[in-house]
Amino acid sequence: MPCEVKPRLVVLYGSQKGQAQSIAEGVAEVAEEHGLVAELSCLSQNEKYNLEKETAPVVFIVSTTGDGEPPDNTLKFVKRIKNKTLAADHFKHLRYALLALGDTNYANFCNCGKTIERCLQQLGAKQFYATGYADDGIGLEVVVDPWLEGLWEAIKGALSKMASDRTGYLKGDAGDSAKQTPDSSIPDVQLNLLSIADRQNGESVRASAEKVSKIASAASSSSATAAAATEAAVTDPRPASPVGSLGLASLSPGAAFVPTSAPETHTGDAAIPHASLTCSLPALSESALTIPALPPPYLNVSLQEVDSIEQISGPLNKESLHEVPISRAVRLTRGDSVKKALLLELDVSAYQQLTYQPGDSFDLFSPNKASEVEDMLHRLGLQDQKNHRINISLRKDTKKKNAQVPPYIPENISLMYLLTWCLEIRSVPKKAFLRALVEHTVDGVQKRRLQELCSRQGNADYNLYVRDQSLSVLELLTAFPSCSPPLSLLIELLPKLQPRPYSAASSSLMHPGKLHFVFNVVELPACSGRPAGRRGLCTGWLFDLINPALVFPGKAESSGSPSLPKIHVSLRPNHTFRPPSDLSVPFIMVGPGTGVAPFIGFLQQREKERQEHPEASFGDTWLFFGCRHRDGDYLFREELEGFVSSSTLSHLKACFSRDDQGEEKKEREGDAITAKTRPRYVQHNLLLNSRHITDILLKQNGCLYVCGDAKNMAKDVNDTLIEMIKTELQVDQLDAMKTLASLREEKRYLQDIWG
């Protein structure tokens, strides 16, 4: 008998740091369970797929990075499908589904996915399943889980429809029937054709989640999502670690059910239980659970005792990495300030590859904290083997598609090096990781709670106790002492240790051979799974590194200070976030707190240009700065006031959110608002200067730059700009949003923001 040929589908992903790739790999793995053969490729691997001739359903899973940009491995694909010479029916044969990942804390939410969808439809492609827009700001799984669950029925429907169409075509009547018969299997989806960010609070994402849930045949209602996320450690604002909720499987009726008892708070005669990381309440503790599929193991890991192993210090990617000395460290804030802001000066004079421009940033590589590495070794029972060589190979029986040994783990390294420089042991554990931990947990109560946390029903608890608290893998393992995962599980499921990006806070024209950067020491508070607070990984490491030689405000630098160490950095050019090349173009800078850093570089550059070209015509420069207290954390105050004195900075608008609000009452009739109190935040000062700002942007072809916090400040500034445009142009909300979108597209409204 001839072998049965399974139907095909093509899975294509675009991923900056693993999220989209992880989901795509999960789709490919689960496909076999549905009687399908999945062909998985990165969008950059154009030799492995051919959309021009593809006859199978295509599933796109793509993330967005930077200022709404495609991931690096998706740039060429996007450029190809945006080619204006392609015919309108270029992809008329193509049937696709798309899952877009983004974060509403950043501008241009899911812009890469929206761009790909717009181009595909303009070229004649038809979707067979509603697009999902997953928001990492509220939890990707809110949209990802139901979208994935409904995907399989949609694929089978598309395959049936496509087979029917092909049969009709062979009979010679496909053309007419296609025109006359609507395709009921393809949802009616209205696309957003504007390059603008979806609005705050994830409203559009929640709407998308509801729509996807209705379409998904087996989707059930999700638990309510936890409220706003707490501040996390300083990380790359681009999409980072792999997402965990892939294929879903219900907990079988015969599975052991052990209620997770919650501790009680006694008030008089009443006992009031309360939930925590390790304890849940009814109805969750009494619910049947829908949990993710178990990630297939794919690595063999062993440790080998050797006579000696090379002791390596620092990361190994030497081709783009440079070990540079710190030449100066200064604390910018006073001791009583809420935050510790520090300036570090690096001596880059010996490194031609680190030649930078204002607006550029660089990656700083920090190791995992030594005490946490030791704790992890102890938790794994491997403290006596930390200097053993680690051997990693693929399991021959693995069911994981396209499995490979992680390329960021070099050969011939010790276990200590692996945990110090290769794996992000501070990463927040994804649901796939929690699901895998269930299999290695002995205590029934703890096992049940891990099942709850990775389940759809426990989504709110997962967000509240794990995700929003930035709980680390080690902290989670500490909270569940009967869980003993193997080392291989950590290597398979923990992401690569990522560098942290920082903006250059200097101009090489003013400081040749030097590179300045500024950072706040991130402080994470105690929580249910963290008995004591901790510092951010990179900022805490830097603070400990330079603290002995730190210069404090108002104190002269001593020539006898301890020598400072070297750190590993690589340049990260930003070719768009730079001051206008035309010196006559006016520009506006919005940078509260450490967001002022790149603008110090802008202004240092402008000051040198004014000195070198005194005859040139220079456009006005505006800076909107904000902090808590004028006398405590007004960063670069003297330098900024010096820029004003030299006319390098035309207008300095500073505000202080915690200082006395009763002074300097102002009224400005005719503005968008009437301000009777001193402005507290940068958006208030923008409103007070609305006419000037809109005139620069809309009449003088000027530029606006925003740097700083994405979750609150950048959103508030964006909303304020929309209100200003509405008022000044006398237009409605949609037209104001279109105007702002056009400024983005013209690269005249630029953001460098982080969460």
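Some notes on this structure:
- Per the Debye formula on identical point scatterers at the alpha carbon atoms of region 715-755, with no solvent, log10 I(q)/I(0) at q = 0.24, 0.30 Å⁻¹ is -0.80, -1.06.
- Full extension of the segment from S563 to K48, taken as 0.36 nm per residue of separation minus the current Cα-Cα distance, would add 180.1 nm.
- Distance in nm between pseudo-label sites at A403 and N391 (7 Å out along the Cβ direction from Cα): 1.8
- If the Kirkwood radius is taken over C-alpha pairs of region 10-73, then at 37 °C and 0.692 mPa s the Stokes-Einstein diffusion coefficient equals 268 µm²/s.
- A simple rule links phi to the HN-Hα coupling: the Karplus curve 6.51 cos²θ - 1.76 cosθ + 1.60 with θ = phi - 60°, which for region 598-612 gives x, 6, 4, x, 4, 6, 4, 4, 5, 5, 5, 5, 5, 5, 7 Hz, with x for Gly and Pro.
- Relative contact order computed over region 384-534 (Cα-Cα under 8 Å; 6+ residues apart), in percent: 22
- Rolling a 1.4 Å probe across the protein heavy atoms gives region 1-151 an accessible surface of 36 Å² per residue.
- Annotation: amide H of C655 within the under-5 Å range of F625, G626, C627, sequence separation 5 or more or interchain, hydrogens built in the peptide plane.
- Sum of side-chain charges, L294 neighbourhood, beta-carbon under 13 Å (Lys, Arg +1; Asp, Glu -1): 0
- Between the beta carbons of E523 and H34, assuming R0 = 51 Å, the FRET efficiency works out to 0.60 to the nearest 0.05.
- According to the Cα-based calculation, Rg over Rh for region 398-536 is 1.07, with Rh computed by the Kirkwood formula.
- Among 349-356, 719-726, the order from most to least packed when residues are scored by Cβ within 10 Å on average: 719-726, 349-356
- Projecting label points 7 angstrom from Cα along Cα→Cβ for L303 and S581 puts them 5.6 nm apart.
- Ranked by the mean number of other Cβ atoms within 10 Å of their residues, highest first, the peptides 691-702, 522-533 fall in the order 691-702, 522-533.
- For A293, residues with placed amide H under 5 Å, excluding near neighbours: L246, G247, L248, A249
- Theoretical FRET efficiency, 1/(1+(r/R0)^6), r = Cβ-Cβ of E612 and K699, R0 25 Å, to 0.05: 0.30
- As a size descriptor, the averaged projected area of the C-alpha convex hull of region 29-134 was calculated at 7.1 nm².
- Compactness of region 480-547 was expressed as the Cα radius of gyration divided by 2.2 N^0.38 Å, which yields 1.66.
- Put simply, the C-alpha atoms of region 284-427 give a gyration tensor, and the ellipsoid matching it has half-axes of 36, 24, 19 Å, longest first.
- Under 5 Å, built H, 5+ apart or other chain: amide partners of N300: S393, L394, R395
- Inter-probe distance in nm under a simple model that places probes 7 Å from Cα toward Cβ, at K738 and R8: 4.3
- For the set I81, I392, the ranking by accessible area, highest first and with no ligand, DNA or RNA atoms included, is I392, I81 under a 1.4 Å probe.
- Long pairs among K84/K711; K76/K608; K82/K399; K84/K401; K430/K711, criterion Cα-Cα beyond 26 Å: K84/K711; K76/K608; K82/K399; K84/K401
- Structural descriptor for region 496-594: relative contact order 16 percent, calculated from alpha carbon pairs under 8 angstrom and at least 6 residues apart.
The values are calculated or read from the model by the stated rules, or taken from the named source; none is laboratory data. Small disclaimer: the values here were computed from a predicted structure and weren't measured. Backbone-built Cβ (ideal geometry, glycine too); neighbour counts: all protein chains shown. With ligands, DNA and RNA removed, areas are computed over all heavy atoms of the protein, side chains included. Shrake-Rupley method; radii C 1.70, N 1.55, O 1.52, S 1.80 Å.
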